[in-house]
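Chemist: I'd like to ask some things about the structure below.
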Amino acid sequence: MRVGNADVTQRRKTEVETAISKLRASVGEKCGSKVMIQLDKGRNRIDYRSGVIKGAYPSVFTILVDSENENPPQLLSFTYNDIITKDIRMKLC
């Protein structure tokens, strides 16, 4: 029996939703933890920052990034899809 494109698409969508819900739960558990993030800015530009996970919301999570110079800390927001597509990578410190 041949599987139709609709079945494959639905299965893939379910897998992505499951991965995002696991990520959401994992990030939510780590709120208040210090992390090191690697930001892929495109064209072989990579930025490394450290900060603290401040909040986890249904579609995004926020990280309060430490300032390397005299500027005040920045609150950056990312989607869970950014982790799946590897636009950012996080490591607990």
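The values are calculated or read from the model by the stated rules, or taken from the named source; none is laboratory data. Computed from a predicted structure; not experimentally measured. Neighbour counts are summed over all protein chains in view; Cβ atoms, including those assigned to glycine, are modelled from backbone coordinates with ideal geometry. Accessible surface areas use protein heavy atoms only, side chains included; no ligands, DNA or RNA. Shrake-Rupley method; radii C 1.70, N 1.55, O 1.52, S 1.80 Å.
Chemist: Within region 37-77, how many residues turn out to be farther than 23 Å from Ile20 by Cβ and either touching a residue at least 60 places away in the same chain (Cβ under 8 Å) or among the hydroxyl-bearing types (Ser, Thr, Tyr) (or both)?
Modeler: Residues in region 37-77 being farther than 23 Å from Ile20 by Cβ and either touching a residue at least 60 places away in the same chain (Cβ under 8 Å) or among the hydroxyl-bearing types (Ser, Thr, Tyr) (or both): 3 in total.
Chemist: A further question follows. Would you pick out the residues in region 18-46 that are under 15 Å from the mean Cα position of the chain (by Cα), assigned to a strand (DSSP E or B) and under 21 Å from Asn81 (Cβ atoms)?
Modeler: Val35, Met36, Ile37, Gln38, Leu39, Asp40, Lys41
Chemist: Looking at region 3-17, is at least one residue among the β-branched types (Val, Ile, Thr) and assigned to a strand (DSSP E or B)?
Modeler: So far as region 3-17 goes, no, none of its residues is among the β-branched types (Val, Ile, Thr) and assigned to a strand (DSSP E or B).
Chemist: Just for region 78-93: of the residues that are in a strand (DSSP E or B) and open to solvent by less than 80 Å² (accessible area, probe 1.4 Å), which one is nearest to Ile20 (Cα to Cα)?
Modeler: My answer is Thr79.
Chemist: If you don't mind, another one. As an exercise: evaluate Val52 against (1) in a helix (DSSP H, G or I); (2) surrounded by 10 or more Cβ atoms within 10 Å (Cβ to Cβ) and give the number of the one condition it does not meet.
Modeler: The single condition Val52 does not satisfy is (1).
Chemist: Okay, next question. Examine region 10-19 for a residue that is open to solvent by less than 80 Å² (accessible area, probe 1.4 Å) and touching a residue at least 24 places away in the same chain (Cβ under 8 Å), and state whether such a residue exists.
Modeler: yes
Chemist: Determine whether Ile37 is surrounded by 14 or more Cβ atoms within 10 Å (Cβ to Cβ), β-branched (Val, Ile, Thr) and more than 16 Å from Cys93 (Cβ to Cβ).
Modeler: For Ile37, the condition - surrounded by 14 or more Cβ atoms within 10 Å (Cβ to Cβ), β-branched (Val, Ile, Thr) and more than 16 Å from Cys93 (Cβ to Cβ) - is not met.
Chemist: Being modelled with pLDDT of 95 or more and either open to solvent by 80 Å² or more (accessible area, probe 1.4 Å) or in contact with a helix residue (DSSP H, G or I) (Cβ under 9 Å, 6 or more places away or on another chain) (or both) is the filter here; which residues of region 58-67 pass it?
Modeler: Across region 58-67, the qualifying residues are Val60, Phe61.
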